[in-house]
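Written out below as structure tokens is the structure these notes cover.
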Amino acid sequence: MSHAPFGFATAGAIRFGRGVLVEAAPWALARARRILVVRSASVAAAEDLVRALSEGAEVQVVTARGEPELNSLNALCDRARGFAPEMIVAIGGGAALDTGKALAALIPAPHGALRYLEVVGEGKPLDRAPLPVLAIPTTAGTGSEVTRNAVIGIPEAGRKVSLRDPRLYPALAVVDPELAAGCPKGIALASGLDAVVQVIEPFISGRANPMTDALCRDAIPRGLAALRQVVEGRDGWDDMALTSLMGGLALANAGLGAVHGLAGVIGGLTGAAHGAICGAALVPVLHANHAALPEGSAGRGRIDWVIDRIAEIYGSLDGLQGWARDHGLPRLPDLGVTDENRAMIAEEARRSSSYAANPVDLGTQGLIGVLEQG
């Protein structure tokens, strides 16, 4: 059977497993003597990592507080250029990793950030190669450790946009499930739903390919089961972290869909947590895509397969939504979606790069219907 041509790219190397964090400092010290560490405030493991790096390198530490925004990034760049780092080590949740990747791109860049940003800027490729990045996720959700973009908030425009370049893939991703184990239930729910969405959307994407299919067919049932385990207080963190990693690999090579198209707009508009938005939109988007695709089509068959996997663990597609709400997942109106802004959100989402990979164009009215159901 012949296949359409496709490519596959990811981080330079990946280390996965409990305890692999100890490999991070020796790897970095073998390659750099001036290291900028970008960390989440609440990650205790960052303290030990900074101490280990400081034994062989000059280290400057930046604390990422929330998702990166353009003005704060510009200020961090100005500060970091004086330090002249040779490498970025980012440890924390998706916001810390995105901050680290954005700094890796912008510190060497000769122009302002707007030259390189999608949607609100020129979307140009980077003029100079980014600094190498060592990415260490401490939540199991975003997959940012193996993607080539950094999501940046533009509050004045009410949008979140990507700074994207093929050279932004981290040089090394260190994924240690012990770092995510024990995170609060609300974070486990939101980040876990994000991870699940990020293996479902690439699988039903119009850009899916045999390699992303292989990842997603394994990760979808794995992630759905692990999500329930970690939220209900059982140990499923290895599978949750692996699902997140596979989602990053898949989305970087097959794209996403309507869930992320909506999430980018809603998050930029309201500041709501990305994982919560994705979790609230997932089931309505699957229903809408299923209804819009012709019966017997390959795209509808993929969604049927996903719905069957969900039903095996949650009873039905709607059972997943009910379970998530029972465990505290907010509805879209609780996240800032209103009667007045639904049409604007739908129209903006249709123009997003994420929505372009959705298996069918749902139209503005279809997306408004999704927002009403979420």
**Item:** Among the candidates Glu201, Glu178, residue that is touching a residue at least 40 places away in the same chain (Cβ under 8 Å), out of contact with any Ser or Thr (no Cβ under 7 Å at 6 or more places or on another chain), of a type outside the set (Phe, Trp, Tyr) and open to solvent by 30 Å² or more (accessible area, probe 1.4 Å)
**Value:** Glu178
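Return yes or no: is Glu67 open to solvent by 20 Å² or more (accessible area, probe 1.4 Å), within 21 Å of the chain's Cα centre (by Cα) and within 28 Å of Asn341 (Cα to Cα)?
So Glu67 fits the description; yes.
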**Asked** Can you name every residue in region 40-70 that is under 25 Å from Ile187 (Cα atoms) and in contact with an Asp or Glu (Cβ under 9 Å, 6 or more places away or on another chain)?
**Response** Ala45, Ala64, Glu67, Pro68, Leu70
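Does at least one position in region 78-95 carry a residue that is part of a loop (DSSP other than H, G, I, E, B), within 27 Å of Ser352 (Cβ to Cβ) and either of a type outside the set (A, V, I, L, M) or at pLDDT 90 or above (or both)? Walk me through how you get there before you give the answer.
If we filter region 78-95 for residues that are part of a loop (DSSP other than H, G, I, E, B), which is where we start, we get 84-86, 93.
Those left that are additionally within 27 Å of Ser352 (Cβ to Cβ): 93.
Adding the requirement that they be either of a type outside the set (A, V, I, L, M) or at pLDDT 90 or above (or both) leaves 93.
Yes, region 78-95 has at least one match.
Quick check: is even one residue across region 224-231 free of Cβ contacts under 8 Å to residues at least 12 places away in the same chain and either crowded, with 24+ Cβ neighbours inside 10 Å or closer than 23 Å to Gly328 by Cα (or both)? Write out each step before concluding.
First, the residues of region 224-231 that are free of Cβ contacts under 8 Å to residues at least 12 places away in the same chain: 229.
Applying the additional criterion that residues be either crowded, with 24+ Cβ neighbours inside 10 Å or closer than 23 Å to Gly328 by Cα (or both) yields 229.
Checked against the condition, which is being free of Cβ contacts under 8 Å to residues at least 12 places away in the same chain and either crowded, with 24+ Cβ neighbours inside 10 Å or closer than 23 Å to Gly328 by Cα (or both), region 224-231 yields at least one hit.
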**Item:** Residues (open to solvent by 10 Å² or more (accessible area, probe 1.4 Å) and assigned to a loop (DSSP other than H, G, I, E, B)) located in region 23-33
**Value:** Ala30, Arg31, Arg33
**Prompt:** Could we say that Val20 is open to solvent by less than 50 Å² (accessible area, probe 1.4 Å), touching a strand residue (DSSP E or B) at 6+ places or on another chain (Cβ under 7 Å) and without any contact (Cβ under 8 Å) to a residue 60 or more places away in the chain here?
**Reply:** no
**Request:** Would you be able to tell me the number of residues in region 96-149 that are surrounded by 24 or more Cβ atoms within 10 Å (Cβ to Cβ) and either free of Cβ contacts under 8 Å to residues at least 12 places away in the same chain or among the small types (Gly, Ala, Ser) (or both)?
**Result:** 10
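Filter region 329-355 for residues that are outside any loop (DSSP other than H, G, I, E, B), open to solvent by less than 60 Å² (accessible area, probe 1.4 Å) and of a type in the set (A, V, I, L, M, F, W, C) and give the result. Give the steps one after another, and end with the answer.
Residues of region 329-355 that are outside any loop (DSSP other than H, G, I, E, B), as a first pass: 332-335, 342-350, 355.
Cutting the leftovers down to open to solvent by less than 60 Å² (accessible area, probe 1.4 Å) gives us 332, 335, 342-343, 345-346, 348-349, 355.
Within region 329-355, Leu332, Leu335, Ala343, Ile345, Ala346, Ala349 qualify.
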**Complete:** From the option list Gly363, Gly322, single residue qualifying as over 21 Å from Leu193 (Cβ atoms), free of Cβ contacts under 8 Å to residues at least 60 places away in the same chain, out of contact with any Pro (no Cβ under 8 Å at 6 or more places or on another chain) and surrounded by fewer than 20 Cβ atoms within 10 Å (Cβ to Cβ) is Gly363
**Prompt:** Can you tell me how many residues in region 165-206 are assigned to a loop (DSSP other than H, G, I, E, B), of a type in the set (D, E, K, R) and modelled with pLDDT of 95 or more?
**Reply:** 1
**Prompt:** Any chance region 34-47 includes a residue that's surrounded by 14 or more Cβ atoms within 10 Å (Cβ to Cβ) and part of a helix (DSSP H, G or I)?
**Reply:** yes
**Criterion: among the β-branched types (Val, Ile, Thr) and buried (at least 24 other Cβ atoms within 10 Å of the Cβ) - qualifying residue of Thr270, Thr243** = Thr243
**Fill in**
Selection from region 30-48 of residues touching a strand residue (DSSP E or B) at 6+ places or on another chain (Cβ under 8 Å), under 17 Å from Glu86 (Cα atoms) and not charged (D, E, K, R) yields Ala32, Ile35, Leu36, Val37, Val38
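The values are calculated or read from the model by the stated rules, or taken from the named source; none is laboratory data. Note that this is a predicted model, so its numbers are computed, not measured. Note that we place each Cβ from the backbone using ideal geometry, even for glycine, and neighbour counts take in every protein chain shown. The accessibility values were calculated without ligands, DNA or RNA, using every heavy atom of the protein model including side chains. Shrake-Rupley method; radii C 1.70, N 1.55, O 1.52, S 1.80 Å.
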